[in-house]
Amino acid sequence: MVSLEALPVEILTQVLDDCCFPCESSRHLSRFIALRRVSRHFDDLVSRVALPDVSRYALGYGPDRTGAISQAGLRWLLMTKIRMSRTDRVGPFALLLDSRSFLNQGNAICAEDEEVFLDVACRTILAAHDARWIVEFLVEGQPFFKQLDGYKKRFEAEEWVDKSPEPEEFYGALQIASTLGDWPRMESLIKGGVRADYVNPLFGSAARVAISLDYLHIVQGLVRCGHDPNARIGWNGNRNMLLYAGEIGRRDIMEFLLTLPEIQTGTRHDVTQNTALFWAAERGWTEAVRLLLSNPGTEARPAALEAAVKGGHEDIVRLLVARDDLNPNFGPGRHCPLWLAAKHDRDWAVKLLLDRYDDVDPNIVLRGGKTMLILAAKLGHISVVRALLERDDVDPNFQALGWKKFALHYAAAENQPDVVEALLESPSLNLKATYDGMFALEIAVYKRHLRCARLIFERMDKADKDLEGALMLAVRRGSVYLVRLFRADAQMRTCLSYAFSLALCQAALEGATDMVMELVKYDEIDPNRTFTTCFSREDTALFAAVRRGHVDAARLVLSHTRLDINHAGFDGTVLGLLADRGDQRLVKDVLRNADLDVNFRAQGYQDNIIVYRQDSDEPHGKFLGDFDMRLTWDDTPLLRAARKGFFISVRIFLEDPRTDVCATGSDQRTALWWAVHWNRESMVRRLLEADNKAVNMRDVEGWTPLHLAVNLSRSESMLRLLLKQQDVDPNITTEAGWTALHLAMLCCDTRAVEALLDHPEIDTSVRLKDGRAPSEVHAPGDCDCKSLVQSRNAGVEA
């Protein structure tokens, strides 16, 4: 087991991130760090987690598709596996340890220090093989070569047995020397019979090791010693020296190989099908590309052009398009060179390709309904946009079939003001083309891209009614800057003056205080203009703010000099609406207006009316409340507040001397009647102090507040408060002939009977329509009310 005690925490963190499953690495990491500090078994824990099934996470394939492992992580994995396998008797690590013993005997390379040799051997294996091969066949131990899996370790007492005609080949002497960069030793081995192009099953080929480590002198020496530059340099794949040098970015080695007359330049990678020309074009190696194109065996494939355009290598693109045998792929897809030029802001590539291949339509739909112009506009590549607009055959209004967005829409949506400005210079640009019902200005306003919106607005006809929608959208988005911009235009103020009044309504409805503050400053904006709100009513700005409960916005609208405070809607004035909603926050602000009609009556306000009827046809049936749907045509704000039981608002109304306290609605009920109904004795006292005439006022059923108080069994103090009024008449009868005393007897309310009998003007002889006197009307059961009335009658007779 390898010891990690000296391993810094930073290195350990990197290793674990490379080796562990990404979703779990952070969870395991803190645990590993803690264990490293307190446990001697930390190394064992790391090995068990990191090594099994590591390829799925380290190599970037499988269902999780994680990134490839770094070179440091791969090196740690391999070194850990090598040190864990020092006792192996069979397999590749047994061969590795025997190689060290063989080379240490002086046959090839001195390798006395085991740690030094293992480090060199690890570097050799990493340089000679792909990461996947190392992980799958060495770290995970999947079977591969018989020479590796079936190899048995040589015992110390045994004599060396040749495993091949040249033991130095089998034990990797040439590859180890290549890793060390020791060309004299390699040359000596080759002259001694070791094949320069031999591919060792564990250490690979010396050429691949040299190219991986960028040893140009080693490659040159191998070629001089007869190594075929076109031969395969590994067990897997068909890569030769040239292809592998381009793949891993060894420029000097590639240029050297291209000077060889026998080099074959058309070899393709067995998986990706990439050639050396592709790698040279992608990396921007102009000289290498020139040498490749001068070789008659080089095929100019479209992939090389795509790589050069993507990388921005102009000289290489010019070299490639000059070839007559190059047939670029201009069809739809992400590999089209035109798509790559527009995506990566290569204006020179756009001009070069369209000039070179004049049969290509510049409006071709490349991918996702996007042309070059649309893609460049979306990404904000102004140089590409200008290069395309300079051509007469580019349509700035082009929309692909099934795709309604065009270049200006994308530029406005992505906040590309420079692109918008360039597109607006085109005389054929259609500013009114819509996408999902929105034209370009509305898209910019909705996204709050102010500069783009300003540029488009300056080009539009200010008398266009569609600007009304843009203005309303600016209000909904809360952009005071855009509203100021729209209003600053004299033509728009003249032709669309009504739109700003609607904007005030919309701002009040949204509760946009800053917007309302901006709009109420201007006298030409009519605050009394109505529009249909989400409440399906024709509301003014003030009504809309009140309905939504936007107090600050409503107060700002109240400050407008042209406001009609008595404007009546479906449910009366705004004061009536506030009373009906029980919103006391604005009542005082509205009452301060000297022109206010405090007693304005609502017209057509529909509500449930409470009526009191006997619950049966029997004579002793009590009167119970019930609801009846009627139209109260003429309630004042005071009545509306009292009807709903909002007596805080009632108190505020009573503070205003203009309030008619005795006003009645279509049901002839007063605020006093409703105060008794809601059992608010304090409010009854306030109303009586303001005007006590309502104490004798009858509703449509003939009920006075005294009848209601007796029927609802209100407190004795409330009854006596009503009865002590100077002009109160306790003998008033309802439409059915009931007096308050009759009701008290019916309810068996001794307190009410006593209070009524104490009034000097009480008449106990009043009879109902059926002829019953108060003493003859009472509910069955024990009750003292009858005796009280009889005693009063006896006293009167005496």
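The values are calculated or read from the model by the stated rules, or taken from the named source; none is laboratory data. Bear in mind that the values here come from a model prediction, so they are computed numbers and not experimental data. So basically every Cβ, Gly included, is an ideal-geometry build from the backbone, and we count neighbours across all protein chains shown.
Out of ASP749, ASP763, ASP727, one residue alone is closer than 18 Å to MET697 by Cβ, of a type outside the set (A, V, I, L, M, F, W, C) and in contact with a helix residue (DSSP H, G or I) (Cβ under 9 Å, 6 or more places away or on another chain). It is ASP727.
Remark: THR265 matches the filter, which requires a residue to be hydroxyl-bearing (Ser, Thr, Tyr), under 30 Å from ALA210 (Cα atoms) and in contact with a Gly (Cβ under 7 Å, 6 or more places away or on another chain).
Scan region 655-671 and give yes if some residue there is under 24 Å from LEU757 (Cβ atoms) and in contact (Cβ under 8 Å) with a residue 40 or more places away in the chain, otherwise no.
Within region 655-671, not a single residue is under 24 Å from LEU757 (Cβ atoms) and in contact (Cβ under 8 Å) with a residue 40 or more places away in the chain.
In this structure, LYS447 does not qualify as among the basic types (Lys, Arg), in contact with a Phe, Trp or Tyr (Cβ under 7 Å, 6 or more places away or on another chain) and farther than 17 Å from LEU388 by Cβ. Total residues in region 529-545 satisfying the condition of being of a type in the set (Phe, Trp, Tyr) and at pLDDT 80 or above: the figure is 2. Being among the charged types (D, E, K, R), touching a His at 6+ places or on another chain (Cβ under 9 Å) and either in the same structural domain as LEU424 (by TED's automatic domain parsing) or outside any loop (DSSP other than H, G, I, E, B) (or both) is the filter here, so list the residues in region 328-377 that pass it. Listed by number, the residues that qualify are LYS343, ASP347. I'd like to know if region 483-503 contains one or more residues that are farther than 23 Å from PRO396 by Cα, modelled with pLDDT under 90, outside any loop (DSSP other than H, G, I, E, B) and β-branched (Val, Ile, Thr). The answer is yes, given that some residue of region 483-503 is farther than 23 Å from PRO396 by Cα, modelled with pLDDT under 90, outside any loop (DSSP other than H, G, I, E, B) and β-branched (Val, Ile, Thr). Among the residues in region 604-616, are any within 16 Å of LEU575 (Cα to Cα), at pLDDT below 85 and not in a loop (DSSP other than H, G, I, E, B)? Yes, some residue in region 604-616 is within 16 Å of LEU575 (Cα to Cα), at pLDDT below 85 and not in a loop (DSSP other than H, G, I, E, B). Among residues of region 687-711 being charged (D, E, K, R) and assigned to a loop (DSSP other than H, G, I, E, B), the one that is nearest to ARG643 (Cα to Cα) is ASP699. For region 203-251, taking the residues that are among the polar types (S, T, N, Q) and without any contact (Cβ under 8 Å) to a residue 60 or more places away in the chain, the one that is surrounded by the fewest Cβ atoms within 10 Å (Cβ to Cβ) is identified as ASN238. What are the pairs, 6+ residues apart or on separate chains, where a residue within region 385-403 that is at positive phi has its Cβ under 8 Å from a residue that is of a type outside the set (A, V, I, L, M, F, W, C)? That search, which allows pairs on different chains as well, returns GLY402/GLY369. Residue-level analysis places ASN430 outside the set of residues that are surrounded by fewer than 17 Cβ atoms within 10 Å (Cβ to Cβ) and either assigned by TED's automatic domain parsing to the domain that holds LEU482 or touching a Ser or Thr at 6+ places or on another chain (Cβ under 8 Å) (or both). The single condition from (1) closer than 26 Å to ALA300 by Cα; (2) touching a residue at least 40 places away in the same chain (Cβ under 8 Å) that ALA422 fails is (1).
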